[in-house]
1. With N residues in the protein assembly as shown, what two-decimal value do you get for its Cα radius of gyration over 2.2 N^0.38 Å?
2. How much solvent-accessible surface does residue B:251 expose, in Å² to the nearest 10, with a 1.4 Å probe and all protein chains in place?
3. Pop out the Kirkwood hydrodynamic radius of the range B:40-254 from its pairwise C-alpha distances, inverse of mean 1/r, in Å to one decimal.
4. Quick one: pull the percent of accessible area on chain A belonging to carbon and sulfur, 1.4 Å probe, ligands and nucleic acids left out.
5. For the Cα atoms of chain A, what angle does the longest principal axis make with the long axis of helix A:154-166, in degrees from 0 to 90, nearest 10?
6. Among the DSSP beta bridges whose two residues both lie in chain A, what percent are antiparallel, rounded to the nearest 5?
7. So what are the range A:11-241's ellipsoid semi-axes, whole angstrom, largest first, if each one is the square root of 5 times an eigenvalue of the alpha-carbon gyration tensor?
8. Going through the DSSP H helices of chain B, which span 18 Å or more along their own axis at the Cα atoms while scoring at least 0.5 as a mean Kyte-Doolittle hydropathy?
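The values are calculated or read from the model by the stated rules, or taken from the named source; none is laboratory data. Everything quoted here is computed from the prediction, not taken from an experiment. Note that we place each Cβ from the backbone using ideal geometry, even for glycine, and neighbour counts take in every protein chain shown. Note: areas computed on protein heavy atoms with side chains; ligands, DNA, RNA excluded. Shrake-Rupley method; radii C 1.70, N 1.55, O 1.52, S 1.80 Å.
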Amino acid sequence: MTQQAAAPEAPAGLAVRVRDLHYAVNGRTILAGVDLDVRRRSVTAIMGPSGTGKTTLLRLLTGQLRPTRGQVEVDGQDLSRLSRTGLFALRRRMGMLFQQGALLTDLDVYENVAFPLREHTRLPERLLRHVVLTKLQAVGLRGAWRLTPAELSGGMARRVALARAIVMDPRLLIYDEPFVGLDPVSLGVVLRLIRRLNDALGLTSIVVSHDVREITAVADHCCLLSGGRIIAAGPPRALQASDSAEVRQFVRGEPDGPVPFHYPAPDYAVQAAAVR
Amino acid sequence: MRLATDLFASAQATVRAVGAYALFALRVLAAVPGALPRPGLVIAQVYNTGALSLVIIMLSGLFVGMVLGLQGFDLLQRFGSEESLGTAAALSLLKELGPVVTALLFAGRAGTALAAEIGLMRATDQLAAMEMMAVDPLRRVIVPRFLGGLIAMPLLAAIFSLIGIFGAQLIGVQLMGVDPGHFWSQMRAAVEVGDVMEGAIKSAVFGALCSLIAVHEGYHALPTAEGVGRATTRSVVISSVIVLLVDYLLTAVML
Ligand SMILES: Nc1ncnc2c1ncn2[C@@H]1O[C@H](COP(=O)(O)OP(=O)(O)OP(=O)(O)O)[C@@H](O)[C@H]1O
Ligand SMILES: [Mg+2]
């Protein structure tokens, strides 16, 4: 039940196409057969409990990690066949918001946002400043342009990172947990920004989040990742109305159900008795 | 039997580590041309690493020179040739102590800072973020720091030696009463361009090694606080041992 929205053999309409993706580190399987289609110009949410491999999946989508098996296509290009140059060319059309912001600590806010422009373009300084300040204005931090990353709160750092991610006007924008640590006002701003960027610039967005309420408000399409697979996918309302116990449990945030809250563990009595 | 397999395993690990270093060095060298169009980045790093180590280099140079003055005077006096103090101090500083002690201090001060900085960039996803922005961290972060260290080291070693000679003069001439005319004229007559070159070559090689080790350890640090700490320690330990080993080899070749 992975994909009913897109016609299966229409990769032209797909920004990302993942087939049978497997990934393991240190002998531990994290992803076991993920299939995922992301349609162009859509906002696709990837939800799932903490530690299921959402960040890992994003790293595989962007070629930061190599899958142990399976295929990832971005913009119709098979990542495993791309050279490093090809991958870099592809990434210039992508923006990624890292979970912790990942701002460059030796540059201030302004220079962080200007970084991709300085590396890839030769804009005159006046134009560059205009672009950077516009993006900072969009995330509400134009006044913070001379602060260093150490002087920012976690939520501010994430917003600066968002400004940096959109400064090159990417076609595909990937957000890893954009809502964590945001106050209600900035959260509303970022939510609206995701939608507005998506619609105004015609880009494709992938948003990883476990804030079900927030994300279902902006997403066109939701995927639920659990146990190394996509266990449900569809429009948000379909997910909320799902009759699968796993999906209901996650979407409603119930502690008991088939989605495990606990990391795999031995029997409690055995573990507790095994002192020394 | 057990010992043999352990020895074999550790030899294997050493070979692998050396291989990894060689490969990394090649990758860094291959990225050097890509970094040259932005000399500003390199100059900033020369300034960074140089400024970090300058004060300790100057202080250590002075003290080492003063000790040389004392020891040299005591030794030379037994042969009645105190006037050679200047030559002895200058040669030992230029050829040996300058490059080696500077390299050890450099590894302890600038090298650890480099390894920690880069390790932290790894741990906080800054290097991954650069990769995602289609910027090669090797070219943008590693090469400028490597070149910065490579350039800063000979300059620091020169400063160390000059201040060391001044320190030796301070003790020998001012305190012990060696004739200043003899001190300087003997030195000028005995020290040749080749001696200065030997020191310059050594310090450039040590600069390359220390910087390479520091950036390698930082770049390959485990992305945790502990991993960064370990990388920092490893960089100073490995650098120190390698500097002393290579110093022997270079001395044997150039003598
Ligand atoms: N380098 C690694 N070595 C070993 N295990 C790893 C490594 N990286 C990630 N993992 C494991 O992979 C699993 C998935 O990690 P990942 O960061 O992708 O989770 P996540 O879904 O993004 O979680 P969160 O919502 O908390 O960010 C985790 O259980 C983690 O223990
Ligand atoms: Mg994550």
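1. Here the Cα radius of gyration is 1.25 times the empirical estimate.
2. Only protein atoms counted, so the area is about 30 Å².
3. About 18.2 Å, per the Kirkwood formula over Cα pairs.
4. Numbers: 7150 of 13630 Å².
Carbon with sulfur: 52 percent of the solvent-accessible area.
5. It is inclined by approximately 70 degrees.
6. 55
7. With the √(5λ) rule applied to the range A:11-241, the semi-axes are 29, 20, 17 Å.
8. On the way: long enough: B:2-35 (49 Å, 1.02); B:39-78 (53 Å, 1.30); B:143-169 (40 Å, 1.67); B:193-219 (38 Å, 0.95); B:225-254 (43 Å, 1.28).
Both cut-offs are met by B:2-35, B:39-78, B:143-169, B:193-219, B:225-254.
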